[in-house]
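A.B. asks: The structure that follows is given in the form of structure tokens.
None of the figures in this text is laboratory data; all of them are computed from the coordinates on show. Source: prediction; values computed, not measured. Neighbour counts run over all protein chains shown; Cβ positions are idealised from the backbone, glycine included.
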Amino acid sequence: MPMQRLPTSTSKLVTCAQIITSVSSVVKELVENALDAEATNIDIKLEGNGLDLIEVKDDGCGIAKTDMPNMCLPCYTSKVCGYEDLDKLQTYGFRGEALSAICSVADVTVTTRTSEDEFAMAYAVNDCGNIVTAKPSHLNKGTLVTVSGLFRKVPVRKNYLNSGRRAAEELKRVDNIVKSLAVIHPGLRVTFRHNKCLLWQKSACSTLCQSLMQIVGHFVSSKLEELLLRETELSVDMLVPRRETENLAVLCLSNVDCMMLYINNRPVRYKKLEKMVLKYISECFSGQPLTHKYPYCLVSIVISPGEVDANLEPNKTRVMLKEEI
Ligand code: ADP
Ligand code: MG
């Protein structure tokens, strides 16, 4: 076949289906946007494993009327102006691609209201990210993004994600993402529902330990101790098993998910850091080997944004540090 330019709609669908790969990637992007908008309340609602409906409602700053026409277009962001701004990055988002990508693989409506607006407006957006209808709606200050018919245009993916076991695994992944983003913001209130059933909720609290308790429960959290390190360029908060714990096994799982690692509030999978934390904990419990076991712990590192590159992979869970640890 002679070489030809792909129609724009095809190339966009192909690229975007790579950015938005699953229900959990939609939820992750929408919750991160809510957090970037400084929300203190986030309500997440899924129906039909997220393939029928995903709704994320926040009480953040809302979207200004002048920004609305661009919000779902590729490469539009209010978070950075140029590459050099990544050195000062305080937000989860910076590429301006998530909403645009979600629009190409699903039907999207955005309802939003800023503190300047007298009432909210609901905007239906088409697959190119253009607004097709706008009508007044009911919402307090904040934003509600409704995503329906996810992967309708990518039927293989939809069928794949819809099969019983995979749908359950995907729901577990959503649960993990919601919890890992929520726990690092103690002051945040979150609800997470599937088919009207409340799967998890977190109330606002004041410490990281109280926040973690709402995931791991009182038994585990009461057996963790908090260690703090404060230096000019670096701060580390750790919740790790108390040294006096007699049986470390009760604070371990065979799944690495119980080790929650963060760099600048971003949940990360960082093998080197994981190994360091494991080494530290096993040294504290020298008599109790940790083979194939992972201890419950939370490690949050805050460093200058210029020291981190989160732009390695679409989902930003792998990062690179300028000065390797
Ligand atoms: P990015 O987060 O990288 O900027 P997105 O496509 O996720 O890109 O969002 C595009 C823009 O839409 C954001 O920069 C922000 O200005 C606005 N936005 C998206 N979601 C929200 C929200 N929940 N509250 C306020 N503004 C939002
Ligand atoms: Mg974003």
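A.B. asks: Using the alpha-carbon centroid of each, what span in Å lies between the stretch 239-295 and the stretch 1-41?
C.D. replies: Measuring centre to centre over Cα atoms gives 33 Å.
A.B. asks: How far is helix 8-19 tilted off the main Cα axis of the chain, in degrees rounded to 10, range 0 to 90?
C.D. replies: Value to nearest ten degrees: 10.
A.B. asks: Just the projected area, averaged over all directions, of the convex hull on the alpha carbon atoms of the chain: how many nm²?
C.D. replies: 19.7 nm²
A.B. asks: Follow-up. ³J(HN,Hα) across the stretch 72-83 via Karplus (A = 6.51, B = -1.76, C = 1.60, θ = phi - 60°), whole Hz, x for Gly/Pro?
C.D. replies: For the stretch 72-83, the Karplus-derived couplings read 9, 8, x, 6, 9, 9, 9, 9, 9, 9, x, 4 Hz, x marking Gly and Pro.
A.B. asks: Once you have the Kirkwood Rh of the stretch 1-55 from its Cα pairs, apply Stokes-Einstein at 10 °C and 1.306 mPa s and quote D in µm²/s.
C.D. replies: 117 µm²/s
A.B. asks: So, one more: To the nearest 10 degrees, how steeply does helix 208-221 sit against the main Cα axis of the chain, on a 0 to 90 scale?
C.D. replies: Helix 208-221 sits at roughly 60 degrees to that axis.
A.B. asks: Leu227 to Ser9: FRET efficiency via 1/(1 + (r/R0)^6), r the Cβ-Cβ distance, R0 51 Å, to the nearest 0.05?
C.D. replies: So, using R0 = 51 Å, E works out to roughly 0.45.
A.B. asks: Now, a different point. List Thr15, Thr77, Thr207, Thr232 from most exposed to least, where exposure is judged by having the fewest other Cβ atoms within 10 Å.
C.D. replies: Thr232, Thr207, Thr15, Thr77
A.B. asks: Quick one: length gained pulling Thr207 to Cys284 fully straight, 0.36 nm per residue minus the C-alpha distance?
C.D. replies: 25.3 nm
A.B. asks: HN-Hα J couplings of the stretch 172-178 from phi, Karplus 6.51/-1.76/1.60, θ = phi - 60°, integer Hz, Gly and Pro as x?
C.D. replies: Each residue's phi maps through the Karplus curve to give 5, 5, 4, 4, 4, 5, 4 Hz.
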